[in-house]
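All of the numbers you see were taken from the coordinates with simple rules; none came from a lab. Please read all numbers here as calculations on a predicted model, not as lab measurements. FYI the Cβ positions are ideal-geometry reconstructions off the backbone, even for glycines, and counts take in every protein chain you see.
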Amino acid sequence: MLAALLRKETLEIARDPITLAVALVLPLIMLLLFGYGLSMDVEHVRTVVYDQDRSQESARFVEAFTQGTYFERRGNVWSLREAGAALDRGNATVVIIIPPDFGRRLAAGVAAPVQILLDGSFSPTALIVSNYATAIVNRFSTRLAEERLDRFGLKPPPPVRLESRVWYNAPMKTVNYIVPGLFAVLLMAFPPMLTALAVVRERERGTIEQIYVSPVSPTMFIVGKIIPYAVIAFCEMLLVLLVGIAWFEIPMRGSLGLLLGVSMLYVFVTVGLGVAISAMAKTQVAAVLLSAVGTLMPSFLFSGFLFPITTMPYVLQLYTYIFPARYFNDISRDLFLKGVGIEYLWGNVALLALYAVLLIIAASLTLRKKVA
């Protein structure tokens, strides 16, 4: 009986090439769009200079900003009004303002204030740029102090030397963090919608009534619906995984076999969500809307994909435990970046397994056998 259901569902999918295209092509498009378009790396920040001093020291100060790749000088302004206009028009993100007595104050050995104007429209970028600027100014000040002491033959006091080392994502590349998280989002975006549409489509056509009057049990019907779409979703995972590793060159430090095994478990969760949604939806439009609201949007907001869960209000942190994308997101990133084993991941894996079982039971109870 199960084999007949699987054959029926496979033939339905084979006769609908659009379904296969949505399942396989759209996730790749989203992976490429997010992989290239979503980046927290800050480089080539548009910078203009309002140098009222025009001395050798002010030129050295500006050069300290522009000699790297973080700040890109786009020209000069000659008044505060021009500086404000450059920020207003988006021609500059940073304005460096050097007062007219900058060089004289440095020569006299007194503090020489400077001002940095930042476009804070996007606060995360502004915070990063502000930290860059602070580090450059501190390094410039330290170099000046060392030069002055050396000029008088004095040995500078031993400074506190910080040596930092980044673990797990040494290059600090955003793509290494984004792409493993995308696997959880993509698998939560399309498989539930496809599965929900498959059940609702049968309800609209009236063919589901044949199931109700047949000897097929609700659980067998659910399993027969889940397995074909689980296979498609797993192929989708393999495809985006291949592109993530081969194209984006994301380092895979953990066990690939463990990732694939947990991915299969997560796939059953996502397609199970689709069946649960189909039990509530009466039309295909309602199924699409419920899938978007119940799976896609929460996977972006509450899985830790874009925003760290620890920075959310405590109530919302508790709310994130409802969504399975949170658990797979942690598993995927830990396997890719940290290379941890099952001894660190078993809690999230167990919760995903529990989630899958509960979804199948709930769907079976909701779509229990009816009398035509």
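Check cross-link reach from K282 to the aspartates and glutamates: straight Cα distance under 18 Å, and skip same-chain residues fewer than eight apart. Hits, sequence-local ones excluded: E202, E204, E209. Here Y319, Y36, Y355 are placed in order of increasing Cβ neighbour count within 10 Å, fewest first, which gives Y36, Y319, Y355. About its Cα centre, the dipole of the chain is roughly 440 debye, where the only charges are +1 on Lys and Arg Cβ and -1 on Asp and Glu Cβ.
For the chain, the C-alpha radius of gyration sits at 1.37 times the compact-globule guess of 2.2 N^0.38 Å, with N the residue count. If exposed means no more than 13 neighbouring beta carbons inside 10 Å and the site is in a DSSP loop, what's the longest run of the chain without any exposed GluC sites (Glu not before Pro)? It runs 250-372.
Against the chain, whose longest principal axis is taken from its Cα atoms, helix 56-66 shows a tilt of about 10°.
For the pair region 57-72 / region 6-28, the C-alpha centres are spaced 55 Å from each other. With N as its number of residues, region 206-312 has a Cα radius of gyration that, divided by 2.2 N^0.38 Å, comes to 1.34. Relative contact order of the chain: what whole-number percent is it, with Cα pairs under 8 angstrom and at least 6 residues apart? Once divided by the residue count of the chain, the mean separation gives 20 percent. If both residues of a DSSP beta bridge must be in the chain, then about 30% of such bridges are antiparallel.
Dividing the Cα radius of gyration of region 275-359 by 2.2 N^0.38 Å, with N the residue count, gives 1.23. For region 45-151, the extents of the C-alpha atoms along the principal axes are 44, 27, 20 Å, listed from largest to smallest. Based on a Kirkwood Rh over C-alpha pairs, give the Stokes-Einstein translational diffusion coefficient of region 254-317 at 20 °C and viscosity 1.002 mPa s in µm²/s. Rounded, D is 155 µm²/s.
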